[in-house]
């Protein structure tokens, strides 16, 4: 069975975004799949099953929520840094 054309291009995009340059092993662990299976998807040797896409969508959604939760903390850190810098100039 040949992989769908987009699978081998989308799987690395998702992997890089979530886990960085060495994404295949963490993806395999998160999906409870053998590392060789993930490598086969990335090489276009086999298609990514629909259930795996569903799992990845949920993982991406949860990561997005975690990142969004950081925004208020970053804003507070920025505001504090600006206030400290402003005090230092006066």
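On the beta carbon distance between residue 58 and residue 21, with R0 = 25 Å, the FRET formula returns roughly 0.60.
Annotation: peptides 46-55, 7-16, ranked by per-residue average of other Cβ atoms within 10 Å with the highest first, follow the order 7-16, 46-55.
Dividing the summed helix terms, -39500 (n - 2.57) for each DSSP H run of n ≥ 4, by the number of residues in the chain produces a 222 nm estimate of -26000 deg cm²/dmol to the nearest 500. A simple spin-label model places pseudo-atoms 7 Å from Cα toward Cβ; at residue 9 and residue 67 they are separated by 2.1 nm. Helix 50-89 and the longest principal axis of the Cα set of the chain meet at an angle near 20°. With the Kirkwood sum run over all distinct C-alpha pairs, the chain has a hydrodynamic radius of 15.3 Å.
Taking label positions 7 Å along the Cα-Cβ direction at both residue 50 and residue 30, the computed distance is 2.3 nm, reported to one decimal. Counting pairs of alpha carbon atoms under 8 Å apart in space and at least six apart in sequence, what relative contact order in percent does segment 1-66 give? Relative CO of segment 1-66 lands at 41 percent. To the nearest ten degrees, helix 7-19 and the longest principal axis of the Cα atoms of the chain are 30 degrees apart.
Since every read-out is calculated from the coordinates, none of them should be taken as a lab result. The structure presented is a predicted model; accordingly, all values stated were derived computationally and were not measured. We place every Cβ from the backbone using ideal geometry, glycine too, and count neighbours over all the protein chains shown.
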